[in-house]
Amino acid sequence: MARKVVITGLGATTPIGGDVPTMWKNALKGVSGARTIEADWVQEYDLPVTFAAQITVPASEVLSRVEAKRMDPSTQFAVIAAREAWRDSGLEEIDHDRFAVAFATGIGGVWTLLDAWDTLRAKGPRRVLPMTVPMLMPNGPAAAVSLDLGARAGAHTPVSACASGTEALHQGLELIRSGKADVVMCGGAEAAIHPMPIAAFASMHALSRRNDDPEHASRPYDVGRDGFVMGEGAGALLIEAEEHALARGARIYGELAGTSVTADAYHITAPDPGGLGATRALKAAMFDARVQPSDIGHVNAHATSTPVGDKPEYIALKTALGSHIDNVAVSATKSQTGHLLGASGAVEAVMTVLSVYERKLPVTINLENQDPEIPLDIVTTERTLPAGDLVALSNSFGFGGHNAVIVVRSV
Amino acid sequence: MASNEEILAGLAEIVNEETGLAPESVEMDKSFTDDLDIDSISMMTIVVNAEEKFGVRIPDEEVKNLKTVGDAVTFISGAQA
């Protein structure tokens with residue numbers, strides 16, 4: 001019998017709130033985090049996309065100046081979210097040798113990398129500062145969280161594009177089940193709202209071009225969807241072995257009942273149109289959690305608002321859940337937060353856990369004309385689920401054909 | 001040409017920017033490592049920033065000789081001469 005793993009702490013810094021309570025209040029109400037980017041470089045480089053979903057509380061307001069100076073923005077966000085999750089968990093005394101980190105990112109320290117390249121070209125190699133390497137490395141967020149909280153049972157960095165944040169929970173669950181750790185700080189962080197990634201994502205036609213109306217640009221499942229909206233931020237979840245949480249009388253949000261990771265092996269960026277990899281991930285996660293399709297009450301979908309991405313996820317859900325899909329309430333929270341890339345799975349996991357804990361579902365905004373080929377029950381107004389056992393899924397898919405799913409069960 | 005007082009004040013500002021230490025704690029007889037707890041990465045950052053601020057070059061092999069703040073002030077003053 002595998003060890004049961006529970007979630008006891010939550011943290012986030014996002015485009016719809018700088019902490020979990022603010023984010024959650026907004027998620028239930030339905031707000032857009034997308035805005036025109038107020039930076040000179042938008043005009044300077046004549047970017048084809050001029051808006052994004054930026055975090056609402058700048059890291060400089062939360063971290064000290066010296067702390068922030070030594071961290072790439074992606075690491076700053078990770079540390080902010082992880083500290084909130086740690087405080088929220090109520091943990092104090094802990095065996096640090098049994099405490100691990102699994103903190104993901106999709107891209108890593110892209111601001112640091114490109115700033116250093118600019119410095120090298122403008123001022124020469126002497127001016128490229130010695131903190132450049134630790135700031136740009138993709139394991140920077142995991143390493144900083146480990147250092148900050150004293151987690152010594154390994155600091156891991158799953159990197160699987162937009163599935164990274166969800167894969168971090170998969171890794172965390174495995175660490176506890178296998179007995180390598182009792183407590184894991186899981187999460188994902190991303191800070192890539194920089195002209196180069198915007199240009200690159202725009203060149204592959206992945207981004208919405210609704211420049212004149214940013215707040216309505218992220219519209220999963222709507223016939224007018226034309227791409228995702230770049231987001232940034234971090235989500236963090238403190239998970240621990242159930243017996244560890246019970247022994248200290250912790251407040252338990254829910255059980256991380258199962259996870260899965262699969263690969264499409266179909267195309268480097270395009271989703272398998274039949275959703276086969278995603279279907280296998282959904283089935284594997286439910287098997288891992290020992291739940292049936294009929295147990296599922298809620299799905300926090302990946303749903304990025306791209307023309308080609310939203311439908312294969314629907315096909316996968318329909319294949320994996322069968323006719324029960326008609327009884328499942330689906331939320332597409334990227335409509336509010338934008339797409340936080342490697343952090344998205346972690347932020348959505350936080351929302352999924354809160355959905356199970358509070359039985360309230362986040363709202364999908366901007367759904368005006370639902371795509372008739374995607375007949376899901378989308379949550380667009382406040383909705384409360386009845387008492388009783390509740391199981392929810394959260395999906396994430398990434399370029400490279402990565403599929404990751406988590407299963408959260410009420411306790 | 002900066003006076004020793006001006007160099008000290010400039011260095012204190014750089015150290016404060018890098019480490020958050022109060023500028024008035026950066027005194028001539030203080031050791032960078034033992035008193036100010038500055039690690040090698042911060043030291044290199046301070047050196048590079050000092051080079052830019054004072055228009056001097058501090059060779060890498062010289063950095064290990066700069067044990068105290070006073071050593072750095074003396075070196076920078078000499079390099080400016």
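The values are calculated or read from the model by the stated rules, or taken from the named source; none is laboratory data. From a predicted model like this one, the values you see are computed outputs, not experimental measurements. Please note: Cβ atoms are built from the backbone with ideal geometry, for glycine as well, and neighbour counts cover all protein chains shown.
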So which of A:THR352, A:THR364, A:THR380 ends up being in a loop (DSSP other than H, G, I, E, B), at pLDDT 95 or above and within 20 Å of the chain's Cα centre (by Cα)?
-> A:THR364
Condition met for A:ALA151 (under 16 Å from the mean Cα position of the chain (by Cα), buried (at least 16 other Cβ atoms within 10 Å of the Cβ) and more than 14 Å from every other protein chain (Cβ to nearest Cβ)) | no
Looking only at segment B:51-71, which residues are assigned to a loop (DSSP other than H, G, I, E, B), within 14 Å of chain A (Cβ to nearest Cβ) and charged (D, E, K, R)?
-> B:ARG57
Do we find that A:GLY254 is of a type outside the set (Lys, Arg), surrounded by fewer than 24 Cβ atoms within 10 Å (Cβ to Cβ), touching a Ser or Thr at 6+ places or on another chain (Cβ under 7 Å) and at pLDDT 95 or above in this structure?
-> yes
Could you tell me whether A:THR259 is at pLDDT 95 or above, under 27 Å from A:LEU175 (Cα atoms), among the β-branched types (Val, Ile, Thr) and over 17 Å from the mean Cα position of the chain (by Cα)?
-> no
Residues B:MET44, B:MET28: which one is within 10 Å of chain A (Cβ to nearest Cβ) and within 13 Å of the chain's Cα centre (by Cα)?
-> B:MET44
Unique residue being within 16 Å of the chain's Cα centre (by Cα) and at positive phi when the list is A:GLY188, A:GLY227, A:GLY233, A:GLY179 | A:GLY233
Mind checking whether some residue in segment A:325-342 is β-branched (Val, Ile, Thr), under 26 Å from A:GLY108 (Cβ atoms) and in contact with an Asp or Glu (Cβ under 8 Å, 6 or more places away or on another chain)?
-> yes
Mind checking which pairs have a first residue in segment A:202-214 that is surrounded by 13 or more Cβ atoms within 10 Å (Cβ to Cβ) and a second that is of a type in the set (D, E, K, R), Cβ under 8 Å, 6 or more apart or different chains?
-> A:ALA202/A:ARG209; A:SER208/A:ARG225; A:SER208/A:ASP226; A:ARG209/A:ASP226; A:ARG210/A:ASP226; A:PRO214/A:ARG35
Among A:ILE193, A:ILE176, which is more than 30 Å from A:LEU47 (Cα to Cα) and surrounded by 19 or more Cβ atoms within 10 Å (Cβ to Cβ)?
-> A:ILE176
Within the bounds of segment A:219-233, is there any residue that is among the aliphatic types (A, V, I, L, M) and assigned to a helix (DSSP H, G or I)?
-> no
Return the total of residues in segment A:262-321 being outside any helix (DSSP H, G or I), surrounded by fewer than 19 Cβ atoms within 10 Å (Cβ to Cβ) and touching a strand residue (DSSP E or B) at 6+ places or on another chain (Cβ under 8 Å).
-> 3
Members of segment A:271-300 found to be more than 20 Å from the chain's Cα centre (by Cα) and at pLDDT below 95, listed by number = A:ASP272, A:PRO273, A:GLY274, A:GLY275
Looking at A:ALA163, A:ALA144, which one is in contact (Cβ under 8 Å) with a residue 40 or more places away in the chain, more than 22 Å from A:MET71 (Cα to Cα), away from chain B (no Cβ under 14 Å) and aliphatic (A, V, I, L, M)?
-> A:ALA163
Applying the selection to segment B:14-25, what residues are assigned to a helix (DSSP H, G or I) and either in contact with a Ser or Thr (Cβ under 6 Å, 6 or more places away or on another chain) or within 13 Å of chain A (Cβ to nearest Cβ) (or both)?
-> B:ILE14, B:VAL15, B:ASN16, B:GLU17, B:GLU18, B:THR19
Segment A:69-126, subset outside any helix (DSSP H, G or I) and either of a type in the set (Ser, Thr, Tyr) or within 14 Å of chain B (Cβ to nearest Cβ) (or both), residue farthest from the chain's Cα centre (by Cα) = A:GLY124
